[in-house]
Every structure is written in C-alpha cells, then in structure tokens.
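Beneath this line is the structure, given in structure tokens, with notes to follow.
Computed from the coordinates by the stated procedures, all read-outs in this text should not be read as laboratory data. The structure displayed is predicted, hence computed values, not measured ones. FYI the Cβ positions are ideal-geometry reconstructions off the backbone, even for glycines, and counts take in every protein chain you see.
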Amino acid sequence: MPNDSSRPPVVDQATWQAARDELLAREKAHTREADAIAAARRRLPMVEFDGTVEVVGANGPVPFTDLFDGRGELVVYQHMWHEGAPHQGQCEGCTNMIWHLRDSAVYLKARGVSFAVVTRGGWDEVAPFVEFMGYTDPWYSVRDVPAPVGGEMASLSCFLRDGDRTFLTYSTTGRGNEVANGSFGLLDMTPYGRGEAWEDKPDGWPEGNTPCWYWRSAADGTATWGPDSRPVPQWTRPGATPEETLGRHGHCH
C-alpha cells in the first residue's frame, strides 16, 4: 500500500460524505455548464459545401453524401495517417479514439445519426489496416479532398444533410475529442488520475509521466513508445506479433 503522503487521508464515513457532497455541488454546476455549452453549440451557424466530392471506400469512389447512409446527420472522425508505416506505426492517439468509438455507431444510428472514419491515407494502405484492426464502421480515404471533408486530422466533425445540400455544423480537435473517450472520464475519477505530469495532484503523490504515455506498449504490456511498441489495442488483434520498428519517425503527442 502507498505511504500516507501518497494516498488520500483516511476518514470516517460522515466526513467522507460531507466532502463528497461539497464536490458534488461543483460537479452539478459543471454538468449544467456543459448543457449550456451544448445548447450554444446547437445554435452555431453552418457552412455549406459540395457533398458530391468523391471519397474512396471499400466499394471504390463514392460521393461524400453516401456517408450519411440515408440519414440526415453524420459524425465523422478524421484519422491521422503515416504514409508507408506498418500497422504498429500508425497513430496511437487516433487508435485510442477509434477504439472508444467503435461501438458508438449502434447508438448513433438508433438516433438517426451515421458515423464514419476518414483519413488521408491511400485506400490501398488503409484497407488492410482496417481489416487488421477489425473495425466494422465504414472508413474512407480523403486523399487530396479539400476541407471540410478532408479537414484537420485527429478531429471530430458533424454534418447535416438537407436533400441534396450538405453542411458542416461543428468540428473539434485536441482535448475537444475527449468527450468521446470514456477511459479518460473513468481515470479522472480515480485517486491517481491519468498519471500524467500536467495534472494537479497533492504534494508527495507519484510524479506523473508524459501525456499519453500509456497509449503504446510492448508485447509484455509495459507502456513504452519505443520501436518495439504498438498502440495498446493492437495487442488484442489476431496476428499481432512483437515488432522492432514503427516504420516512421516521431509520434503524435
């Protein structure tokens, strides 16, 4: 067990409940502010664009409007791509996001909202990666396609369709994407949080590591961004073997 300086103090149930109730008031205020921000988001203006622009998917070139799949709304995640890199060298941050989003489409569709992933990688590289990862949501290559369809990678965008007209209504990136990442919310509830250096923590608690340090690991599960690492979810995939190179330089955090 950690020593007394590196863990929360031990108190009786009544003292804990009083402290918890005090924090709950702040959490409820935070929730109400988030609701107000969502209301403001619904009142944003939108940008019309040419929805006939072609993207490339499993069935070849198709107009962007096909991504709506007959629905009126669409959420798109724009996935970074490292040209020519092997599976283990692809973006760990985007893998983190898509792994959390991979089952979201079931609920989005029930609400009348479609979901798709786009990336600037060529379809000849993207297709085997999608198969390896076991993704079932539709992916498309937007190589050389202008924004907003080929917009900023590592971002979430929302689109609206009205007959033959298509509109960009919202887009976010960076920490704005965190709303779709359930593990962040759970880690933020734990005593030691995400274990990242930027977090505000009491004196004497374990020092944090670099941002996103646990998004890659070696075959034995040890978190590392070294050349023998993979984005963590890849180790669950059939055929994932230890590797010696990422096939690219640098990383995404």
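Shown here for the stretch 7-86: trypsin sites (Lys or Arg not before Pro) in loop regions (DSSP other than H, G, I, E, B) with at most 16 other Cβ atoms within 10 Å, namely Arg43, Arg71. Ranked for footprinting exposure by Cβ neighbours inside 10 Å, fewest first, Ile37, Ile98 give Ile37, Ile98. Only one of the values (i) 13.4; (ii) 16.6; (iii) 12.6 was calculated from this structure for mean projected area of the Cα convex hull in nm²; name its label. It is the value labelled (ii). Residues Trp225, Trp16, ranked from the fewest to the most other C-beta atoms within 10 Å, line up as Trp16, Trp225. With 0.36 nm allotted per residue and the present C-alpha distance subtracted, the Leu160-Asn59 stretch has 34.0 nm of extension available.
In the chain, helical runs assigned H by DSSP with n ≥ 4 each contribute -39500 (n - 2.57); averaged across all residues and rounded to the nearest 500, the mean residue ellipticity at 222 nm is -8500 deg cm²/dmol.
Dipole magnitude for the chain: computed about the Cα centre from +1 point charges on Lys and Arg Cβ and -1 point charges on Asp and Glu Cβ, it is near 540 debye. Under the simplified labelling scheme, the Glu48-Asp144 pair shows an inter-label distance of 2.8 nm, with each label point 7 Å from Cα along Cα→Cβ.
Please list, in order, the residues from the stretch 153-174 whose amide nitrogen is less than 19 Å from a point placed 7 Å along the Cα→Cβ vector of Ala39. Counting only backbone N, you get no residues. For the stretch 111-116, backbone phi angles converted through the Karplus equation (6.51, -1.76, 1.60; θ = phi - 60°) give residue-by-residue couplings of 8, x, 10, 8, 9, 8 Hz, Gly and Pro being listed as x.
Springs join every pair of Cα atoms under 10 Å in this Gaussian network model of the chain, and among His100, His87, His30 the largest mean-square fluctuation is at His30.
Computed about the Cα centre, the dipole magnitude for the stretch 49-178 is approximately 360 debye when only Lys and Arg (+1) and Asp and Glu (-1) carry charge, each at its Cβ.
Each of Leu168, Leu67, Leu246 was scored by other Cβ atoms within 10 Å of its Cβ. Listed from fewest to most, they are Leu168, Leu246, Leu67.
Cα gyration tensor of the stretch 139-228, axes a ≥ b ≥ c as square roots of the eigenvalues: rounded (a/c below 1.5), prolate (a/b > b/c) or oblate?
Values: a/c = 3.31, a/b = 1.95, b/c = 1.70.
Prolate, since a/c reaches 1.5 and a/b exceeds b/c.
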